[in-house]
Structures are given as structure tokens and as C-alpha cells.
1. Show the residues, 5+ positions off or on another chain, whose built amide H is closer than 5 Å to the amide H of A:VAL128.
2. Could you list log10 I(q)/I(0) for chain B at q = 0.09, 0.11, 0.14 Å⁻¹, which the Debye formula gives when each Cα is one point scatterer?
3. Quick check on packing: order B:371-382, B:26-37 by the mean number of other C-beta atoms within 10 Å, highest mean leading.
4. From the C-alpha gyration tensor of segment C:34-91, pull out the three semi-axes of the equivalent ellipsoid (sqrt of 5λ each), sorted largest to smallest, in whole Å.
5. Copy-to-copy spacing for C:GLN58, label 7 Å out on the Cα-to-C-beta vector, in nm, shortest first?
6. For segment A:52-151, would you read off the P(r) tail past 20 Å as a percentage of all alpha carbon pairs?
7. Averaged across B:13-24, how many Cβ atoms of other chains sit within 10 Å of each residue's Cβ atom?
8. Counting only protein heavy atoms and using a 1.4 Å probe, what share of the accessible area of the protein assembly as shown belongs to carbon plus sulfur, as a whole percent?
Amino acid sequence: MDERWTLHPDRALPADPTTRPLAREIYAAVRDLPIVSMHGHVPVEWFADDAPFGDPAQLVVVPDHYLTRMLVSQGETLPRLGVGSTEDEAAETDPREIWRRFCAGWKHFRGTPTRYWLEHVLVEILGVTQRPSAETADALYDQVAARLAAQEFRPRALLDAFNIEAIATTDPAWATLDAHAKLAADGYGDRVLPTFRPDPLLHVDRTTWRDDVARLGEAAGVDVTTYDRYLEALRAQRERFVAAGARATDHGHLYADTTPLDDAEARRILDAALAGTVTAAEAQAFSGHMLFQMAAMSAEDGLVMQLHPGVLRDHASGPSAAFGPDKGYDIPVVTEFTHSLRPVLDAFGHHPGFRMIAFTVDEDVYSRELAPLAGVYPALRLGAPWWFLDAPDAMRRFREAATETAGFSNMSGFVDDTRAFCSIPARHDLARRVDAGYLARLVAEHRLDLDEALDVAADLTYRLPQAAYARA
Amino acid sequence: MDERWTLHPDRALPADPTTRPLAREIYAAVRDLPIVSMHGHVPVEWFADDAPFGDPAQLVVVPDHYLTRMLVSQGETLPRLGVGSTEDEAAETDPREIWRRFCAGWKHFRGTPTRYWLEHVLVEILGVTQRPSAETADALYDQVAARLAAQEFRPRALLDAFNIEAIATTDPAWATLDAHAKLAADGYGDRVLPTFRPDPLLHVDRTTWRDDVARLGEAAGVDVTTYDRYLEALRAQRERFVAAGARATDHGHLYADTTPLDDAEARRILDAALAGTVTAAEAQAFSGHMLFQMAAMSAEDGLVMQLHPGVLRDHASGPSAAFGPDKGYDIPVVTEFTHSLRPVLDAFGHHPGFRMIAFTVDEDVYSRELAPLAGVYPALRLGAPWWFLDAPDAMRRFREAATETAGFSNMSGFVDDTRAFCSIPARHDLARRVDAGYLARLVAEHRLDLDEALDVAADLTYRLPQAAYARA
Amino acid sequence: MDERWTLHPDRALPADPTTRPLAREIYAAVRDLPIVSMHGHVPVEWFADDAPFGDPAQLVVVPDHYLTRMLVSQGETLPRLGVGSTEDEAAETDPREIWRRFCAGWKHFRGTPTRYWLEHVLVEILGVTQRPSAETADALYDQVAARLAAQEFRPRALLDAFNIEAIATTDPAWATLDAHAKLAADGYGDRVLPTFRPDPLLHVDRTTWRDDVARLGEAAGVDVTTYDRYLEALRAQRERFVAAGARATDHGHLYADTTPLDDAEARRILDAALAGTVTAAEAQAFSGHMLFQMAAMSAEDGLVMQLHPGVLRDHASGPSAAFGPDKGYDIPVVTEFTHSLRPVLDAFGHHPGFRMIAFTVDEDVYSRELAPLAGVYPALRLGAPWWFLDAPDAMRRFREAATETAGFSNMSGFVDDTRAFCSIPARHDLARRVDAGYLARLVAEHRLDLDEALDVAADLTYRLPQAAYARA
């Protein structure tokens, strides 16, 4: 390949010659709509500080667990990729070496969305003109490093360049939101929004729980010595988030269970947790109880409740101990929604102040559980295909399996859910293309008229995320 | 859109230019075959009385829970759609208002089979020429109301117009089948057939159970004071159904479990149920036991056993209490067949007098459980994709997932399962198109010859439903 | 059909006119690569003895449970197909009669992979020129019988004709591997390889267990009177298999569970098993424990560990008792990998000497569990779609569901897993076509460049099976 590396304008559109022109037309109508990124993991400090990004490895490779996990599966190690050190192996400190390992492993991304996103980032954003490989690694490194030094590559400038109308960060429930305050003072208050994430506080048998509760109490100005104080502190911090422009909460439980306990039992378990005597079964029951309480508070304060269940964290004990969470060893499990959401939906499913957006990494529930639930309860919206399912064929399967029962109006539209800031345009672009392809097929099969498909495409891209994440 | 609203002749056929002409040819060969509608929920009184239908809202909107649930999910309420009243809200009594709400919500059906069926009903059967919308609602109402008043719109006339060769109703096990007798007297005895549905009698902890058993006893002329009398009454009513032309029974259990109890335990539980002291666990075990007993009776009397498991009824307590069953709050759950059907298939799976047709709303079992089971046991046939899965993409997935293991000969062919009488032609038409598209792909990929595909299409449309529902 | 029966060169390639030429090009590049058949069930004696095959029925019909089960589901019986006798029905002894029944049932294979494989075998290998039917059965029988008598139809000649570079047999753990020794002496030592299959020894409550353990002890020269001797005997036999060229072990458990017991508990259960007092629960726990031990031994001796879980054997008690295992009554169940494989992957998932290849007949786990696991653990590879899923549409779904997370490099490539020797070329050919079609779509959608697709196709066909089954 000595020809210049370019991206094809029709990529990720259906190949069939009847459908592709329709897909092109639908995609063209939404390609340039603003990005509404209502759930993600970009550090708020990037926008608050607006400092230049580091080196190419620190920007593209090290923080992206999609990328590092694939290289690990093929024999690289996290230390060699700069992610951290183990007793046996120190973290690589030379970013050029890390970059070389990434480029040498380029082949392994074939067929994955990481490949699509990286192509987009490398070519469209970082100006790379050659395919990554062992041979081209150094030249690419120099090219990218030069780009990162440019003024127009600061985070706030990229918000404009990426056409991001609003972006939500994910913040611990005990956050004081100082960075968001600085952003508000700088005029970014409507553009960078916090999200309330209380997970560690709701799992009362985690080793860090008592420290985390102390942090919550400090932030809220509440001495958390009882269950009532615990709820009071959570409520106070939710109010702080609301005041700072938050639209939503986010909940990453292993199970979707929302069964409430009676107050006495909840008090008893919380006391046991504070005393350090709680059992795993009690903690599990309490986490379901607290999802119900979070729903009740959402019905009061209007924060949209995002539920991300079904992932077993830290599957490998060694890497998790050495490198911490989110390093590739989180693996999905069977997820149940019909029984699990019944308590919350029975209580708040028709409440005008409540909205839940449910995500899954278990696609088996689309047609069986999530679409039937979202297709009747006004409070429930289906989130975008999440994590391992945020990929072209998986997104298509989501549309095909969920739409026939839930329709489009019960969807959240696209949510990128990423910490890889530069990949946000690529992810939204891919989703727009996949949706255009799906809608084009409906038109080509005369199941939808073209004017309707164009309207739905704009809904999915722009209007539905805005509506789904508007406080209820 | 001021152009006239019409339906495209190629709708729901594959777009790919190689496959579409083949699909057209296959569809054309089965388009006009008679409808064999062997499972459904049209009230038998419609045919017995042959009275005119009511207003457009009562015909199209109010009784169709697919339609009302979608509108509810987008903020309408069941009272505003005329379905019933709550303490807070009286049922809408003006059919024109209900019709307007339906038309205003037309957008929300995009991408759903309801949209396809309604288009077909509105354009082909009701003669509507404009898309529904808030603006066109009144004109459409008048147009439809005029059509309903016509003599050729009486139920029996529609049986002819729809080319329905036979239609089965679903009737409680205690039915005396008077309407069917009237139909037989009028020459419709081979055309409108009863189906024996004993569900409420087999779930001995339902609040209505003792009343229902009393009704069974009265119909059968058996005083149901013991387990043996209970079986005797069921057997007597099955005989009545057989005499009235019934082909099948229908069983809508939460679980597919068919584990028999020993007689002493069954007697003990039935006695407890009569005494009102049965537990939920006993009732659950008894319902599985009774599925086994129903299979044993089918092996004797030849009634085909339809099994519809896996739906949690009345998910929302409020709406279910206010409006009754089947108002949109029935949600599927994980369903298991391999272990569950083992007792029945081990006992009767090779019995020449026994045939079971299994349906699922959990599509995960197609390739894993149902196709392997149907692909070896002569007594088992796979039913059509059911309820939430009776939709173009879901039907295609069924063909793709089940055929490779079960073949076509182990299928029931299409079953419409509807209470929306006017949608029956639309549903059969859609199934014929989807099957034509699937078969056309097999031909285009040279996995089947065209003469074979034409033969299979006729099997799926006409011959297999006849054969599957012929008493064994 | 009086025209000559031929196979279309484009069969099983995508129909869409943009994709098909690409698929043709990719398929053409791998069509003639050697067959690497690293897991299967062809009897080793066929190659050791190199005797002529029997009659057409014994070659094609009787041993193929895919074929006989379909005929049974449509009313044939296993005795009438020559599989065995029951109390009521003696096995058919006339091969021509069996052949006629097969030909008369040809229609029932439409849409199944059996149809594709049989077409290939009949036309390409057996030289048949007419479609099977009741009318053509006798002519076909004579044609095939003549072919079988030819010298070039001996098993070793077919190895060359089929371009099989290497083929693995599956052998009981107590095998003395005499046939493999004979093959090695004849120069086939690198071409026909044994596989270590210890299942009956790891399920200590099977009725045959004590006999099987005695056979193990005899083969290994170890008197198995304790748990330590049991492990010693297994280890000794693994060494024998390694010495004979084995690459892999194979494990067909109902559950994928790999939870180890502590040594004392393992000893206690093994003692109970030897004493005949073991419980089902103990045996179940012990089988998981032994999977862990097998993994530990694999990490020592480098035998690749194949795991084939999730099939409930002998679903029908009558046929299983009369005809033995693998006669069509094995049915998949829900399979869990995330929790189940955690002990083994946590212990050996990064071990340089360990490799596991996981197979499933529950396709629901592809995107949820298997691809995420294989996409991070270096020791894990995903096997090919297995058994009921070794079919065109199922293979396509596997690629679509697993690749986006696992990539191609974490796959085993194709594994035929058959006892139907003559179908091996057909099975590999079909897999190559389906992969070509999938890759062609990625190219047509500009998700992969053509040079990359050609490289991946060769990986999946040839390089990945070699690499996956190279001893670690």
C-alpha cells in the first residue's frame, strides 16, 4: 500500500445497490447535525483545564480499554502498553514504544468497531495518511505528536471542531463539582454537564464503602450515622448536581433488581454496613432496595435514571488488583429485566416526573423483555446498544430486534459512553450510518416512506437524546 | 402528501435486486391461497350473530392491545382510548375522539408490524386514501364509518371476502359452545371451530379458580369434589369440543414445565385447592402436572396440544386491576423447553395419537432448544413466531434460526393469533411475503431450487397448518 | 427434472450483486487450501485398516445422526433406518431398503446444512447425477455402490483426494492408541492424530464409571485406588497421547463449570465414587473440579483444552436405551461461561503453556460472554459454530456476533466435528463460502480492505486452526 490512506464515503452503509442510495440520502441529512453526548466518561478536568493533550500513546492507546484488551488477548501485556506495573513487569514509559506495539497489532482490530473508530480518528482528526503497521509506526507517531501540539487541538477547541452541542461527564456522587463550576463561569455551563453516579455508595459490602460514605457525608455536610442520614446525604448531593445542570443519574449494578425492602430492614442493613458486619446477601438486597430509592428520588427531582446492569467486574483477579477497574476484565452475564424492574415500573412507570433509560450488554433481552417493557410503560426508554454492542452489526441487530415492538419513539437515540474523547465524532458518525442503513432498508422494502425515514433519522440522532435526557 | 395513499406491491419483500424478482414469483404463487386460521381470538359471537360492527374506534382501536399499548407508552391513557375507567379518569365515550388520538399517534407505529397491518386494513379493507394524522382524522373517521355500515361488511360476508377457509376461536374449557352449534346449524360448522382453553382451571391458586371449576362442573354435568371428578369433567368437556369440531387445545402457562406428580400428590393438592389452602408452590407443581395430563388426554382424543408459555401476565398492578387482562402489561420472561418438555416428549413424543405445537416469545430458544426438539420428536411441531415476534424481521429470524435444524416439515406454518378480525388478511399476507423473501434468498444463494421453494411456500401457507391442526 | 443434477458454483455465496463478486474472489483464494481437520469423530480404524467402505446405506445414512434424526421426526423409525433394534421392531438389514427411505425423505432436508453436505457428497464425491427421490433411489444406489468398490475410494486414498493435511480422531482416555501406532509406522503419524477424551472418567456417577476407571488404570499401568492414583493415571495417559502426536483434549460436559474443590474434598468424593456411594451433587461438583485439573495438566503438557458444554444427552429414555448415545436425542440447554470459566481463566488465562478452545450450541453467549472473554484472555480461543450451529445462517450469525468483540485472531478457524468422513470436504467448503460471504460484506461496506479480507480468509481456513491446535 503506497497509496494514500483514505476513508470511503460509503463506509458502513449497506452494499445492496437498491438500499445504498437511500442510505446515502438519509445519512447525508443527519451527518452534520450537532452531537448530543449525554452519557460518557471524558474527564471533566480536560474541559476545565483546557490543557494540551499528552503524547500519542497517552491520548489514543493507554486509556482505551477496548484497544488494550485486544492487544492483551494477542499476547501483549498491560505494562508493556503503559497501563501500569506488576511485581514482575514495570510499566513502559516510552510512549513511542507503546505506539509501536499498537501499530504492530493493527491487524487484530479487523472486523471490530475499534478499527472503524481508530481509522476515523487517525485519518479525519489526526491527519494520518498511512495504515498503521510496524513499519509506519514511527512516522505516524511524529505526525500525531505534531498535531497534538497545535492550539486547535485543545479540548475546548475540539468541542467546537467536533460540533458537540452538549456533553455529560460521569461524576462520583460525592463530587463537589468544582470543575463544572469553573466551566460554568467560563460560559460552558450548558455544554458540559455532570452526571450523578452513586454506585460505590449503594454496594455496602465493598471494601471502600465506609471511606466513600465518609466522602459523601463530607460533600453533603451530613454526618452519615444512620440510614436516614444516608438518604439525606444522597438527596443533598442530587440537589447539588441538579443545581449544576445535571440531567441524569447512572447506575452500574450487576443485577437490575429493584425490589424495595421495608424501612426497618433497610435501616438494619445500613447499620450493619456502618458496623462492618454486613453480609454479601444483605448487601445484594440493599443494592436493589437502593435502586428503588433512587427511582423514588428521580420521581421527585426529575433526574433521568440510567441503568447499566449485567457486567461482572474484575473477572481476572490478578490484573484487576494490579491495574484497577476497567482494564478489560469486565465480562457480561445473563441479565433479567421483566421481574427485576417490576417494582420500580409498577410504582413509577406512569409517573409524569420519572424517566428511566435502560441499557444492556445481553442482547437476548431486546425482543423478549426490554422492547415489550418500553413499548408500554411511558417512563421507560431503551438506551443505545451498549459497550460490546456499540458496533455496526450489533447496532443493526438492536434496531431489528427492538423496533418492531418498541417503535422509535421509545428509544434514547445514540449514546457514546466513551472516555476516548477523540473517538466521539467517529462513534456518532458510525451510529448515524448504521441507522441510515437500517432505515434505508425499511424504505427499500416499502415498510416506511422516505419522508418518514428522514424524520426518524433526525429523531434518533438529535431530538430523541435531547428529549430522553431532558429532566422529567 | 396530497398524493393518494397506496400500498406498494413489493412491500416487505427483500430489496436486493437478485432476490426480489424471485420473492415476487414465490409470493405470487401463494398470495391467493385460502386462509387457514387455526389459532386466534376473534369472538365466536361475531360469526354466530353476524351483526354489523360498531364504530371505527370500537373496531380498530379499542380492542387491539398492540395499538393501545404503543399509544400508552407515548403518554396516552387507556381511559382516553376508551378501554376502561379508573378512579381518576372515566373512559372516553366519543368514538371520534378516540379515533383522533389514534390518528395523531400514527407516527409512533413506524417500524412496527402494527403499522403494516393497519396500513393494509385501512387501505385495502376500509378504503382509506390518506395517511392518518391529526389533520386527516375526521375525514378518515367518516370514510370508515360509512364502510362499516355496508352489508358486505358483516362478519360472515368478510369470511368470504377474506378467503378464510377455516377459523378457530378460543373458548373457555367450560363453554357450552352454543354459538358454535348455531354456526353449525347455519352451515358454518366446518369453518368456525372451537378451541379448548383450560388455563384458569389448571392454575389452582387463582382467585377465580373455585368459581371456574364450578362452571366446568356445571357444563360437564360433573360435581367436581375430587381430583378424579376434576379429570372426568375436563375429559367430558374435551369430548364436547371434539364433537363440535375442535382440533386443538391451547395452554398459556408461565413455565413450559410438564413434570407429572404421582396420583396421591395430585389428589392432595387438588383437595387443598378445593379447600382454599393450596400454596403457590403446590399450584405451580400442579400446573406442570396438568400439562402432562392434558398431553395424555390428547394422546387419547387426538386434540392437538398448543403450548404458549413464557409470558408474565399483569406486570403493572394498577392497570391490570383497572382494565383487566391483555391490556398491554403482559411481558415475556426467559423460557426453558429442553428440561421442561422432557416428561411429555419422553412419554408421548413418538405416540401416533399425539401432536404438540410449541410457541415462544423468547427467541433465544429457537436454535438452542425448539428446533433440536422438533427436529427429532415426531410429535412436536414449531408454531409460528408468536405475539411480539409476529413481525417482519422477527419472522425472518425465526426462519433463519429454526429451519437449519428443524427443516420446514416440522413447522406449523402461519398462525395469526389475533382478536383483530380485520387484520387477519394483513397478517397472513405479511407472513407470506416474509416467507417468500426467505425462500427467495435460499434460491438466490443456490441452497434450494426454485421448484422446491414454490413447493415449500405452499406448504408453509396452506398445507402445513392443515396438517399440523388435523386431529392426530 | 430430467436435466442433469449439478451444483452451482456460487452456492452459499451472498446474492447481492455488489457482494457476490467479492465473495467469489475471496472464496477462490481459499477454496483449494489443504483441509486441517483438528476435531472430529471419524474412527481411526478406517485409516489404520484402509478397508473398503460398506454399502451406500452404511456409508451415508446409518452413521449420520443429523440425517436419521430428521427422518425420525417425519415418522421413520431408527430400526427401519438400520440403526438398531427395539423389542418391537428389528433393524432393517437390507441396505437398499434403507437407501430408499432416505431418498424418499429427501424433501425434509430442504433448508438444512445436511442438504448442502449431502448434495456435495452425492454429486462431487459419489458422482450422482439425479436428485434423490423414491423414483431415483434404486438407480442412485447402484451408482454409489459401484463407486464405493473402487480402489480410489479407500480411506487413505480419500485423505489425498480430499486434500486433508491433518485429521484428528477422538479417542477414549484409556486408549492404547495401537491404530495410531500402526498409522505412524505406515508414515501417517503426522496426518492422523489422536485426541484425549476423558469425559466418562470425570463423571463419577455414571453407571459405567468404575469399569471405565479400571480400563484407564489398566492402560496406564496404575492401580486406581485413590484420588492421587486417579490423577496419576490420567497424567500418564495424557503423556501417551502426547507421545502419539495428540494436540488436544476434548471435554463434553453438561455445564462449563470449572470450580476446583480443595484436595480433601476431591479425595473424599473420589473415594465415595470408588465405593459406589457418591451422590449426584458430589459428582457434579467433582466434574467441575476435574475440568480445573485438566486445565492445570494442559498448562503442564501443552495439550490444547477443547470444551464442548451445554448438551443434555439422551433426552428420550426409550431410544437412548435401545440405540445408545448420539442417535439424535441430545438437546442443548442454556449454557453459562462467564462465571463458569472464571476459576480456570483466573488461574491459567495468561499462562503461556495453556490454551482453551470453547465451543457452544447456545448462540446467546457469543456477544455476551464468549467474545468478551476471548477478546481479553490470551489463553482462550473461540471454536467454530458447533453441531446445530454448523450451518450457513448460523455460521454467519456467529461471525456477526463474535467478531466485533473478539476479532478474528481469537478464533480457532473451522472445525468440522464430524463422523461422516465423506462430508468433510463439503463441510469445509461450506465454511469457506460462508466466511467469504461475510468478509465480502465487510469489504463491500468498506469496513475492511480487500487485501485484508483475503488475508483473514486464509487465516480462518488454514493458519488459525494450525495455530490454535499447536501444542502451547
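The values are calculated or read from the model by the stated rules, or taken from the named source; none is laboratory data. Owing to the predicted nature of the structure, the values given are computational and were not obtained by experimental measurement. Counting neighbours? That spans all protein chains shown, and the Cβs are built from the backbone with ideal geometry, glycine included. Surface accessibility is based on the protein's heavy atoms, side chains included, excluding ligands, DNA and RNA. Shrake-Rupley method; radii C 1.70, N 1.55, O 1.52, S 1.80 Å.
1. A:VAL123
2. -0.63, -0.96, -1.50
3. B:371-382, B:26-37
4. Semi-axis lengths for segment C:34-91 are 27, 15, 10 Å.
5. Nearest to farthest, the other copies are at 7.5, 7.5 nm.
6. In whole percent, the long-distance tail amounts to 32.
7. 5
8. 49 percent
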